[in-house]
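First the structure, in the form of structure tokens, and then the observations on it.
The values are calculated or read from the model by the stated rules, or taken from the named source; none is laboratory data. Keep in mind the model is a prediction, meaning the values are calculated, not measured. Please note: Cβ atoms are built from the backbone with ideal geometry, for glycine as well, and neighbour counts cover all protein chains shown. Side chains included, ligands, DNA and RNA excluded: accessible areas come from the protein's heavy atoms. Shrake-Rupley method; radii C 1.70, N 1.55, O 1.52, S 1.80 Å.
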Amino acid sequence: MRRVALADTVTDAAAGATAGELVAARVDATRAWYRLDSGRPAVRTAVRRAGEARTAVGDPLVRPIDPDTPFDALDTLDRVLVCVAAALAEKPRAVVVDLDGASRIPDRLWPALARLVPSDVLLIATTAPDADLEHAATAFEGRGIRSLDLVARPQEALR
């Protein structure tokens, strides 16, 4: 079992696969080599959970995410949710996700992530420096949220 899983929408989009294939690759990579059972139930569960998390945003036009949908055809929110669901299929204790590209939709993103990520899994998210984290604080209120400003300064400036 991995302790930390990485959800990367840029790398996963480059693979040119479907949502189900993306999750299946994670399931297969973490399954014991001697297990001959199918990973299909885990794939269906992960994709279903990503679709259910989408309902947290209150969008009346929400459709379930189909495992056969090409990853490139998903919108920004669905891409993030499928990547995080794929990372969660590894059963990690922490998930790291880069949300720079999804910073434009904070009112939809954070409630969906709060619904998708179990409370016993740590979510480490990187955002744009000017991102509005008010929605994150609201969505993850019961879990606690910490914000770190990781500004790199040249050593010469510190002297």
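Quick notes on this one:
- Ranking of 68, 78, 132 by solvent-accessible surface, largest first: 68, 132, 78 (1.4 Å probe, protein heavy atoms only, all chains present).
- Each of 143, 26 has its accessible area taken with a 1.4 Å probe; listed largest first, they run 143, 26.
- Accessible area in square angstrom per residue, segment 47-141, 1.4 angstrom probe: 50
- Spin-label pair residue 107/residue 132, simplified geometry with 7 Å Cα→Cβ offset, distance in nm: 0.7
- Sequence-ordered 3J(HN,Hα) estimates for segment 66-72 from the Karplus curve with 6.51, -1.76 and 1.60 and θ = phi - 60° stand at 8, x, 8, 6, x, 4, 5 Hz, glycine and proline given as x.
- Heavy-atom accessible area, probed at 1.4 angstrom with all protein chains present, ranks 104, 79 as 104, 79, highest first.
- Of the solvent-accessible surface of segment 69-144, computed with a 1.4 Å probe over protein heavy atoms with every protein chain present, carbon and sulfur atoms account for 50 percent.
- For segment 73-86, backbone phi angles converted through the Karplus equation (6.51, -1.76, 1.60; θ = phi - 60°) give residue-by-residue couplings of 7, 6, 6, 4, 5, 5, 4, 4, 5, 5, 5, 5, 5, 5 Hz, Gly and Pro being listed as x.
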